[in-house]
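To start, the structure under review is shown below, and the notes come after it.
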Amino acid sequence: MKRTQPTIEPLITRDFPAFKPTDSIEKVLSTFRHNGLKHKIIYLYVVDESNQLMGVVPVHRLLTASPHQKVADIYVKRCISLSHLTSVSEARKAFSAHKFLAFPVVDSSKQFSGVLNIEAFAGDLGDISAHPRVNDLYELFGLSSELKREKSFLRSFAFRFPWLLATFTTGTFAAWLTGHFQATLQESISLFFFLTLILGLNESVAMQATTLAVTRLHKQKPTLKNYLASLSQEIPCALLLGIFYGTLTALVAWLLKFPAEYPSLLGLTLLTTMTLSCFWGVSIPFFFHRLEKDPKVASGPLALGLSDIGTLLTFFYLAQRFLINRH
């Protein structure tokens, strides 16, 4: 006789507040001030008049919203829920796959029943809240967190192939660019000495900007306003980095007695390309999010590829201009 698997029914927390879209932010905050915080993990769920689940309110949006705004202004409609008949083993897989700290639970009529908290499995949270950030690092480079458990080499290939193809494509184009500017390189072969340095600095800036952009998207909507705010924060920093490392590289070229045009060429190149690489690092995650794709997935390879192309185009073009002017 087949043994029935235990369901999550006994593990559901039922004294969990739910709010209506028409409720004000002030009412939501007042509810928490009155009742206190009974759970370590706080997710706010939105239901309609018949108690059917409509969405979730991220806490950071609640804390930054105006008291006079409505819940309808800030809640997220996309919300993954579990049935009250879900087995314990299936629930564990859901926590592992989605990396959430809690799931809303609905009954057979899709009405909100309560919340399944990860504490039901973990006891004490410990460092579990940091675990999603580890998986973020995998996904930032186009590696699914499932890949760590995947045994099939064909499945592993399928996970990794698409975004490595993006790297291959941009790398091929970069190779074509190098060949296109072959005459410039032959005229001044010492440019090769600085090419690796310039590419490395720009790739680092692109990855830093990408990582920060993905982190921000955990806390805010991918609106035009937030995108421009991120750019206004990152671009000035990139300009300062470009000025600093452009000056430092120019000084190295001068001390090593490279041709007189090199310090200006290298300084201007790094100022321009580090700013452009930062732009890609901020823009790519927002672009993915606007397409309703996970911004963590492969933002890294695409941002690095576009950074390399932009860097090579700028470097070779400026080198060509400086060499023409020299002659």
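What do you reckon, is Phe244 assigned by TED's automatic domain parsing to the domain that holds Ala175, surrounded by fewer than 21 Cβ atoms within 10 Å (Cβ to Cβ), assigned to a loop (DSSP other than H, G, I, E, B) and of a type in the set (Phe, Trp, Tyr)? In short, no.
Checked against the criterion of being acidic (Asp, Glu) and modelled with pLDDT under 85, the candidates Asp136, Asp107 yield just one match: Asp136. Of all residues in segment 61-72, those satisfying the criterion of being touching a helix residue (DSSP H, G or I) at 6+ places or on another chain (Cβ under 8 Å), over 17 Å from Arg216 (Cα atoms) and outside any loop (DSSP other than H, G, I, E, B) are Lys70, Val71.
Selection of segment 290-319 for residues being modelled with pLDDT under 80, in a helix (DSSP H, G or I) and surrounded by fewer than 20 Cβ atoms within 10 Å (Cβ to Cβ) yields only Arg290.
I'd like to know if segment 67-83 contains one or more residues that are hydroxyl-bearing (Ser, Thr, Tyr), exposed (fewer than 13 other Cβ atoms within 10 Å of the Cβ) and in the same structural domain as Phe32 (by TED's automatic domain parsing). No, every residue in segment 67-83 fails to be hydroxyl-bearing (Ser, Thr, Tyr), exposed (fewer than 13 other Cβ atoms within 10 Å of the Cβ) and in the same structural domain as Phe32 (by TED's automatic domain parsing). Just one residue in the set Ser277, Ser283 is within 14 Å of the chain's Cα centre (by Cα) and modelled with pLDDT of 85 or more; that residue is Ser283. A residue that is closer than 22 Å to His289 by Cα, among the aliphatic types (A, V, I, L, M), surrounded by fewer than 18 Cβ atoms within 10 Å (Cβ to Cβ) and modelled with pLDDT under 85 cannot be found anywhere in segment 28-42. The residue that is farthest from Phe103 (Cα to Cα), among those in segment 48-77 that are in contact with a Ser or Thr (Cβ under 8 Å, 6 or more places away or on another chain) and among the polar types (S, T, N, Q), is Gln69. Return a yes/no flag: does segment 204-211 have any residue that is part of a helix (DSSP H, G or I), of a type outside the set (Ser, Thr, Tyr), at pLDDT below 85 and in the same structural domain as Leu313 (by TED's automatic domain parsing). No; the residues of segment 204-211 include none that is part of a helix (DSSP H, G or I), of a type outside the set (Ser, Thr, Tyr), at pLDDT below 85 and in the same structural domain as Leu313 (by TED's automatic domain parsing). Scanning segment 81-90 for residues that are at pLDDT 85 or above and either under 30 Å from Ser30 (Cα atoms) or among the small types (Gly, Ala, Ser) (or both) yields Ser81, Leu82, Ser83, His84, Ser87. Being farther than 28 Å from Trp176 by Cβ and part of a helix (DSSP H, G or I) is a property that Cys237 has.
Taking residues in segment 208-231 that are over 23 Å from Met274 (Cβ atoms), and partners anywhere that are in a loop (DSSP other than H, G, I, E, B) and at pLDDT 80 or above, the pairs with Cβ atoms closer than 9 Å and at least 6 places apart or on different chains are Lys221/Ile74.
The values are calculated or read from the model by the stated rules, or taken from the named source; none is laboratory data. Predicted model, so just to flag it, every value in this text is computed and none were measured. Because the Cβ atoms are built from the backbone with ideal geometry, glycine has one as well, and the counts that use them run over all protein chains shown.
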